[in-house]
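Notes for the one structure printed next.
The values are calculated or read from the model by the stated rules, or taken from the named source; none is laboratory data. All values reported here derive from a predicted model rather than from experimental measurement. Cβ placement follows ideal geometry from the backbone for every residue including glycine, while neighbour counts extend to all protein chains displayed.
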Amino acid sequence: MALVVMGCLVGLLVWAGWNSLHCTVAGAKKSRAESDLQSLGSALRLFQRENGRFPTEAEGLRALVESPDSTPPLEHWRKLMDREALDPWGRPYRYSVSLSDHGTRGQLCCVGEDGVVSDDDIVGQVAPFP
């Protein structure tokens, strides 16, 4: 009987430790995604400052890594990132562009662990330089 109780206690401790580790890893991944979105936002604002516009949706974040095929060509393009950024779950960040009363804005999105667009996504807005 004592062995059964001891086994249950050990199992409970292992489960609690695993659950705690999973929550810690999930929190770290979310923090990294938020940090990545800030860095990508800074790179996009620099791209906009140097080239007079944000990358188009078709060019995407790839425009930070290699010169886009645009007409006319971008005279001031330079490589701003070594490689295209992936979120902590190994998927590319989503990028979109919209027009507002305050000019063109970029939006970055990480769909999170589930990989599905939903309310728990991590979203960053990229406002243009004035």
Notebook entry, point to check: Hey, among Pro73, Pro68, which residue is under 20 Å from Tyr93 (Cβ atoms) and without any contact (Cβ under 8 Å) to a residue 24 or more places away in the chain?
Noted result: Pro68
Next item on the list: Identify the single condition in (1) among the polar types (S, T, N, Q); (2) farther than 21 Å from Asp87 by Cα; (3) at pLDDT below 90 that Thr24 does not satisfy, given that it satisfies every other one.
Entry: (2)
Check: Within the stretch 68-89, which residues are acidic (Asp, Glu) and in contact with a strand residue (DSSP E or B) (Cβ under 7 Å, 6 or more places away or on another chain)?
Finding: Glu84, Asp87
Next item on the list: Any residue in the stretch 45-56 that's within 17 Å of Gln125 (Cβ to Cβ): show its pairings with residues that are among the small types (Gly, Ala, Ser) and part of a helix (DSSP H, G or I) at Cβ separation under 8 Å, as long as the two are six or more apart or on different chains.
Entry: Phe47/Ala63; Pro55/Ala63
